[in-house]
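Worksheet: one structure, shown below.
The values are calculated or read from the model by the stated rules, or taken from the named source; none is laboratory data. Note that this is a predicted model, so its numbers are computed, not measured. With ideal geometry, Cβ positions are generated from the backbone for all residues, glycine too; neighbour counts draw on all protein chains shown. Side chains are part of the model used for accessible areas, which takes the heavy atoms of the whole protein and leaves out ligands, DNA and RNA. Shrake-Rupley method; radii C 1.70, N 1.55, O 1.52, S 1.80 Å.
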Amino acid sequence: MRVIVVGAGLGGLALANGLRRAGIDVAVHESDPSPRIRRQGYRLHLSETGIGALAEVMAAGRRAAFLATAHTPRARFVRLDPGLQVLEVLEAGGRHLSVDRQTLRDALLADVAETVTYGRRLTGYEAAAGGVTARFADGSTATGDLLVGADGVNSAVRRQYLPHARVIGTGLIQLYGKIPAALAADLDNVFTAITGPAHRVVGVAPTRGYATCSFSAPAGDLPPGLGEMTQERLRAVVGKMTYGWHPRVHDMIDDWREIFPLALRTSVPIPPWPTSRVTLLGDAAHAMSPAGGAGANLALRDAAALTAALAHGGPLIPALRSYEQEMIEAGSAAVRASAANGARVLGQAPLPAR
């Protein structure tokens with residue numbers, strides 16, 4: 001069997017690791033010219049789901065070295081008011097880790113780097129009874145038994161395969177960056193949300209060496225051109241929008257670094273589709289609001305589940321059907337849970353009906 005993977009993000013690289021360990025031929029094609037070209041985030045939350053998936057796809061020594069870089073926060077989600085008074089504490093069962101996204105990506109890339117080709121933007125594919133051929137913008141093609149779209153929220157594979165699938169805006173923009181770990185020393189939770197009026201939220205989550213700090217607000221409340229603003233200007237915008245909040249919040253904003261804006265989006269769950277030689281994983285199948293902290297965990301889980309399905313050795317289509325049924329069910333549940341949590345904490349709009 002030969003598997004073509006489109007996308008060298010966390011899910012695509014986790015799948016490549018799992019398939020290589022199972023003795024399955026895999027080639028990964030990534031549209032970015034290098035693995036460090038775009039800012040995609042800093043700290044990630046790994047739950048039991050993600051940690052368990054890494055155990056299934058990564059070599060033991062590589063996984064142990066990566067986990068040694070992780071930080072273990074208190075297993076709870078805390079919501080504070082602008083004066084830093086506690087509004088809500090939700091205890092989180094199981095194991096939780098805070099990890100650096102780039103460190104995880106580097107660990108996943110280390111054992112499969114030779115399978116990845118960069119600068120390959122998918123323009124389309126043709127699937128037939130005997131295989132599938134992917135076409136890329138540089139004129140190259142790749143042929144295999146299975147094509148996996150692991151190419152994220154803007155998935156080119158999904159756009160052709162499931163043109164009726166929708167990804168919608170939540171109505172919120174998030175400014176995302178880092179602060180020194182010392183500024184969040186007593187906020188060492190899986191996630192701390194400081195929720196103010198008008199759906200304005202400052203989020204804090206420590207990991208080793210730094211803490212992430214985010215600011216979310218309705219898109220209409222923020223000025224245009226955030227992507228072109230200087231760091232000083234972005235800090236000033238958020239400082240003004242959090243006027244009167246606790247001085248510690250402004251200490252964080254004053255020392256906020258490497259900030260960039262993100263439009264928060266989510267997929268709308270759809271019913272299962274007929275199984276073919278094309279499938280999806282991660283955000284390509286079920287993009288979700290970060291309010292549930294589940295996106296990376298589900299991508300890793302998908303990679304482990306698809307590896308197990310393909311490594312079983314049975315006929316391809318029944319194996320894929322089993323994977324997709326479980327992936328769609330788990331992904332749709334996570335999308336709805338993240339949207340519900342975002343509506344409650346962040347003030348984003350609820351998901352529409354199908």
### Query
How much space per residue, in cubic angstrom, does the convex hull of the C-alpha atoms of the range 1-98 take up?
140 Å³
### Intensity falloff of the range 48-114 expressed as log10 I(q)/I(0), Debye formula with alpha-carbon point scatterers, at q = 0.20, 0.28 Å⁻¹
-0.84, -1.27
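About its Cα centre, how strong a charge dipole does the chain have in debye, to the nearest 20, once Lys and Arg get +1 and Asp and Glu get -1 at the Cβ? Walk me through the numbers on the way to the answer.
Values: 36 positive and 30 negative charges, 49 e Å.
Result for the chain is approximately 240 debye, rounded to the nearest 20.
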### Summary
Distance in nm between Ala110 and Met1 label points, each 7 Å along Cα→Cβ, equals 2.7 nm
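Carbon-plus-sulfur fraction of the accessible area of the chain, 1.4 Å probe, in percent?
Roughly 53 percent of what the probe reaches on the chain is carbon or sulfur.
Using the alpha carbons of the range 154-269, what is the convex hull volume per residue in cubic angstrom, as a whole number? Write out the running numbers ahead of the final one.
Values: hull volume 16.0 nm³, N = 116.
Dividing the Cα hull volume of the range 154-269 by its residue count gives 138 Å³.
Work out the length of the dipole vector of the range 125-238 about its Cα centre, built from +1 on the beta-carbon of each Lys and Arg and -1 on the beta-carbon of each Asp and Glu, and round it to the nearest 20 debye. Before the final figure, lay out each step's value.
Details: 9 positive and 9 negative charges, 35 e Å.
I would put it at about 160 debye.
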## Note on the structure
Taking the alpha-carbon centre of each part, the distance from the range 108-127 to the range 311-354 in Å is 24 Å
### Message
Can you give me the long-range amide H partners of Arg121? Hydrogens built in the peptide plane at 1.01 Å from N, cutoff under 5 Å, separation of 5 or more residues or another chain.
### Response
Ala137, Asp138
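Over the range 177-249, what is the mean sequence separation of C-alpha contacts under 8 Å (at least six apart), divided by residue count, expressed as relative contact order in percent?
Working: 80 pairs, mean separation 18.1, N = 73.
Result for the range 177-249 is 25 percent.
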### Where labels lie 7 Å past Cα in the beta-carbon direction, separation of Leu84 and Asp255 in nm
1.2 nm
#### Entry: Nonlocal amide H pairs with Gln348, under 5 Å, H built at 1.01 Å
Ala343
### Task
Find the centroid of the Cα atoms in the range 34-102 and in the range 133-195, then give the distance between the two in whole Å.
17 Å
### Task
Note down the magnitude of the dipole of the range 30-184 about its Cα centre, charges +1 on Lys and Arg C-beta and -1 on Asp and Glu C-beta and zero elsewhere, to the nearest 20 debye.
420 debye
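If you average the sequence gap of Cα pairs under 8 Å that are 6 or more apart and divide by the length of the range 109-156, what percent do you get for the contact order?
Values: 50 pairs, mean separation 12.6, N = 48.
Relative contact order of the range 109-156: 26 percent.
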### Query
When you count, for each residue, the other Cβ atoms within 10 Å and take the mean per peptide, how do 272-278, 329-335 rank with the highest first?
329-335, 272-278
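Taking the highest mean first, how do the peptides 68-78, 295-305, 49-59 order by number of other beta carbon atoms within 10 angstrom per residue? Don't skip to the answer; put the middle values down first.
Working: 68-78: 16.5, 295-305: 26.7, 49-59: 20.3.
By packing density, highest mean first, the sequence is 295-305, 49-59, 68-78.
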### Query
Taking 0.36 nm per residue of separation and subtracting the Cα-Cα distance, what length does fully extending Thr143 through Ala65 add?
24.6 nm
### Task
Taking only protein heavy atoms into account and a 1.4 Å probe, give the accessible area per residue of the chain in Å².
42 Å²
### Summary
For the range 104-115, Karplus-derived ³J(HN,Hα) couplings (6.51, -1.76, 1.60; θ = phi - 60°; whole Hz; x for glycine and proline) come out as 5, 4, 4, 5, 5, 6, 4, 8, 10, 4, 6, 8
### Task
Output the relative contact order of the chain, whole-number percent, from Cα pairs under 8 angstrom with separation of 6+ residues.
22 percent
### Query
What number in nm² do you get for the range 295-354 if you take the convex hull of its Cα atoms and divide its surface by four?
4.7 nm²
### Task
Extending each Cα 7 Å along its Cβ direction at Asp25 and Ala55, get the distance between those two points in nm, one decimal.
3.3 nm
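What number does the chain give for Rg over Rh if you use C-alpha atoms and the Kirkwood radius? Each step should come with its number before you reach the end.
Values: Rg = 20.4 Å, Rh = 20.9 Å.
When Rh is taken as the Kirkwood radius, the ratio is 0.97.
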